[in-house]
Amino acid sequence: MDWTPEAKRAIEKVPPFVRKMAAKAVEAYAKDKGMGTVTLEIVQQAKEKMMGRFSRNEDSATDSLSGFNVGMNRRQTMHLTDHRSFLANETDDPLHEAFDRKLAVHAMPRNKTLPPEHLHRYWAEVMSEEHVGQPMRTIYIHIPFCRSHCLFCGFYQNAYQPRKARQYVDALLEEMAGTAQEPFAKRAPFQAVYFGGGTPTALSASDIYRLVDGVKTFFPLANDCELTLEGRFHDFGEDKIEAALTAGVNRFSLGVQTFDTVVRKSLGRREPEEKLIHMLTHLRDQGAAAIIIDLIYGLPGQTMDIWEKDLKTYLDLEIDGCDLYQLNIFAGGPLESAVRNQTLPRPATLREQADFYQCGVDRLSAAHQRQLSITHWARNTRERSLYNALSRGRSECITLGAGAGGWLGKHMFFLEGDLNAYIQRVQTGKKPLVMGYGGDQHHLLLRDIACQIELGYCDMKSLSARHGMDLFAMTGHVVDQWKKVGLIRMDDGVLHLTRAGAFWAVNLSQILIDLVQMQNANAGLT
Ligand code: SF4
């Protein structure tokens with residue numbers, strides 16, 4: 001479909017990792033309206049429709065997605081200016097009823113977009129000798145290829161093509177070498193490196209080896225650096241496992257989602273349960289790296305019995321850890337269409353997801369698994385989930401690869417997401433920055449809040465002292481109501497999430513962040 005230049009400019013403001021999906025949603029909207037060209041007006045209307053459809057005030061009872069967990073990559077509180085909107089529903093059943101919906105996929109502050117013409121200047125500042133930064137440092141490397149598009153996923157970018165992938169890895173190594181020369185990169189060791197995507201295991205064995213070896217050669221890594229390779233089971237054979245381990249990977253994070261073969265196939269996952277169990281057993285028995293899997297609850301066709309079996313299979317495997325994620329139906333994604341058109345069994349509603357969550361926590365706690373965060377669990381102390389913990393808190397992240405994004409200093413930088421444009425820009429020798437957000441002057445406080453809530457608490461007393469702000473005065477009226485409803489308990493100035501609070505953690509986190517930002521804005525402090 002054709003796009004006018006104004007419409008193109010508008011869509012380019014969407015962060016690279018979700019831009020493709022947003023563009024598809026806009027085109028679907030335009031087609032629906034009988035338009036052959038996407039104009040700026042269409043982009044704005046589609047955006048309003050997407051944001052409005054899921055807004056808190058709209059009566060969406062007639063919407064076919066009503067009651068489901070619709071994942072928006074932007075927070076749903078942008079339009080709220082009255083703190084009373086942040087109160088929970090008054091209910092005796094906070095697990096199921098405290099809020100009408102999840103407010104975001106990840107809690108995030110309201111950030112200002114950095115002027116594109118100054119991006120390289122900001123980047124040069126954080127990469128200079130002068131920028132000391134936080135002691136905890138990570139590297140995120142993005143692999144924007146997948147062998148196929150899983151129906152539930154909002155992060156698909158490009159189909160895997162061997163030649164293109166090799167060209168991409170060449171460019172990525174060039175970007176790595178250039179970035180590693182910067183004074184900030186050389187200053188101190190990195191504690192965690194994460195190869196994410198997309199599907200890093202879609203790459204060939206030699207490309208996996210080149211990349212892992214490259215990051216170890218170019219950057220100073222701590223002796224206990226966690227080196228994670230994310231991936232899936234399809235086309236992840238012995239040659240790739242060996243290449244990854246030989247190069248230095250010490251943690252595999254593999255997307256199972258569900259072991260149930262029928263549910264897997266309906267979502268675009270090809271491997272049957274037996275193959276997954278065989279591979280995980282093999283990796284575990286090798287003992288060469290920590291083995292972690294992702295499980296998702298609330299998938300179409302996944303009953304509570306299937307979920308319980310998924311949890312049992314994980315426990316029986318005795319691998320190192322697992323992450324329990326709730327299903328998000330991304331607006332504009334293929335799962336949304338499948339649910340609307342009823343071409344798949346219906347996924348769990350948000351209420352049902354609360355039951356799945358509760359079941360997961362009960363089963364894993366009973367098996368003495370250690371809860372590392374709201375979503376991450378460990379069977380032993382080998383699993384640290386270090387990158388996940390650091391990236392949410394006060395740490396520095398150097399990002400590499402098409403569509404990657406992360407916090408560095410007080411800014412969040414995103415790299416060019418279009419594959420060809422990325423390769424061309426790397427070849428010019430400049431960091432392929434495409435957009436950035438400027439965190440406000442209290443960005444560390446906001447990140448501390450998000451990180452602590454993810455860990456199940458918020459030490460309001462210490463954070464108030466550390467940041468010179470009275471968090472109790474800023475948020476107390478809302479926090480008191482959450483306590484009354486049963487989402488939290490307070491203990492000597494520390495807010496602890498209850499089981500219900502943990503299920504709604506993203507809302508509590510987003511609301512605390514919004515309250516702090518709103519009040520600082522009113523006081524002229526941002
Ligand atoms: S392989 Fe991973 S990133 Fe790619 S579409 Fe599937 S879930 Fe998404």
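The values are calculated or read from the model by the stated rules, or taken from the named source; none is laboratory data. None of these values were measured; they are calculated from a predicted model. Please note: Cβ atoms are built from the backbone with ideal geometry, for glycine as well, and neighbour counts cover all protein chains shown. Each accessible area value is taken on the protein alone, full model and side chains, heavy atoms only, with ligands, DNA and RNA left out. Shrake-Rupley method; radii C 1.70, N 1.55, O 1.52, S 1.80 Å.
Which condition breaks for Gln257 when tested against (1) of a type in the set (S, T, N, Q); (2) away from the ligand (no atom under 16 Å from the Cβ); (3) crowded, with 16+ Cβ neighbours inside 10 Å; (4) in contact (Cβ under 8 Å) with a residue 24 or more places away in the chain?
(2)
Which residue out of Gln161, Gln157 is within 16 Å of the ligand (Cβ to nearest atom) and either under 22 Å from the mean Cα position of the chain (by Cα) or over 30 Å from Pro300 (Cα atoms) (or both)?
Going through Gln161, Gln157 in turn, the sole match is Gln157.
Just to be sure, is Ala338 closer than 24 Å to Gly196 by Cβ and either open to solvent by 10 Å² or more (accessible area, probe 1.4 Å) or of a type in the set (Gly, Ala, Ser) (or both)?
When the stated conditions are applied, Ala338 does not pass them.
Of Thr228, Thr246, which residue is of a type in the set (Ser, Thr, Tyr) and over 25 Å from the mean Cα position of the chain (by Cα)?
It is Thr246.
For the stretch 260-273: of the residues being under 9 Å from Leu299 (Cβ atoms) and assigned to a loop (DSSP other than H, G, I, E, B), which is nearest to the ligand (Cβ to nearest atom)?
Here the residue is Leu267.
Report the residue count in the stretch 453-475 for those that are touching a residue at least 40 places away in the same chain (Cβ under 8 Å) and touching a strand residue (DSSP E or B) at 6+ places or on another chain (Cβ under 6 Å). Write out each step before concluding.
So in the stretch 453-475, the residues touching a residue at least 40 places away in the same chain (Cβ under 8 Å) come out as 453-458, 469, 471, 474-475.
Checking the rest, the ones that are also touching a strand residue (DSSP E or B) at 6+ places or on another chain (Cβ under 6 Å) come to 456-458.
The total comes to 3.
Note down all Cβ pairs under 6 Å where the first residue falls in the stretch 414-433 and is among the aromatic types (Phe, Trp, Tyr), the second is part of a loop (DSSP other than H, G, I, E, B), and they're at least six residues apart or on different chains.
That search, which allows pairs on different chains as well, returns Phe414/Pro15; Tyr422/Ala402; Tyr422/Glu416; Tyr422/Pro432.
Hey, can you tell me all the residues within the stretch 297-312 that are of a type in the set (S, T, N, Q) and either open to solvent by 20 Å² or more (accessible area, probe 1.4 Å) or not assigned by TED's automatic domain parsing to the domain that holds Asn388 (or both)?
Narrowing the stretch 297-312 to residues of a type in the set (S, T, N, Q): 302-303.
Of everything in the stretch 297-312, just one residue is of a type in the set (S, T, N, Q) and either open to solvent by 20 Å² or more (accessible area, probe 1.4 Å) or not assigned by TED's automatic domain parsing to the domain that holds Asn388 (or both), namely Thr303.
Does Gly196 meet the test of being more than 16 Å from the ligand (Cβ to nearest atom) and on the phi < 0 side of the Ramachandran plot?
no
Would you mind stating whether Met490 is open to solvent by 40 Å² or more (accessible area, probe 1.4 Å) and either part of a helix (DSSP H, G or I) or of a type in the set (Val, Ile, Thr) (or both)? Break it down stepwise before answering.
Values: open to solvent by 40 Å² or more (accessible area, probe 1.4 Å): yes; either part of a helix (DSSP H, G or I) or of a type in the set (Val, Ile, Thr) (or both): no.
When the stated conditions are applied, Met490 does not pass them.
Pick out the one residue from Leu95, Leu172 that is more than 16 Å from the ligand (Cβ to nearest atom), touching a strand residue (DSSP E or B) at 6+ places or on another chain (Cβ under 7 Å) and not in a loop (DSSP other than H, G, I, E, B). So that I can check it myself, show each step before the final result.
On the way: Leu95 fails: touching a strand residue (DSSP E or B) at 6+ places or on another chain (Cβ under 7 Å).
Of Leu95, Leu172, the one residue that is more than 16 Å from the ligand (Cβ to nearest atom), touching a strand residue (DSSP E or B) at 6+ places or on another chain (Cβ under 7 Å) and not in a loop (DSSP other than H, G, I, E, B) is Leu172.
Does the stretch 277-296 hold any residues that are open to solvent by 10 Å² or more (accessible area, probe 1.4 Å) and closer than 16 Å to Leu315 by Cα, and which are they? Explain how you work it out, then say what you get.
Here is the first cut: in the stretch 277-296, the residues open to solvent by 10 Å² or more (accessible area, probe 1.4 Å) are 277-279, 281-282, 284-288, 294, 296.
Result: Ile277, His278, Met279, Thr281, His282, Arg284, Asp285, Asp294, Ile296.
Can you find even one residue in the stretch 220-237 that is part of a helix (DSSP H, G or I) and crowded, with 18+ Cβ neighbours inside 10 Å?
Within the stretch 220-237, none of the residues are part of a helix (DSSP H, G or I) and crowded, with 18+ Cβ neighbours inside 10 Å.
Test each condition in (1) aliphatic (A, V, I, L, M); (2) under 26 Å from Glu226 (Cα atoms); (3) open to solvent by 40 Å² or more (accessible area, probe 1.4 Å) for Leu172 and report the one that comes out false.
Among (1) aliphatic (A, V, I, L, M); (2) under 26 Å from Glu226 (Cα atoms); (3) open to solvent by 40 Å² or more (accessible area, probe 1.4 Å), the lone unmet condition for Leu172 is (3).
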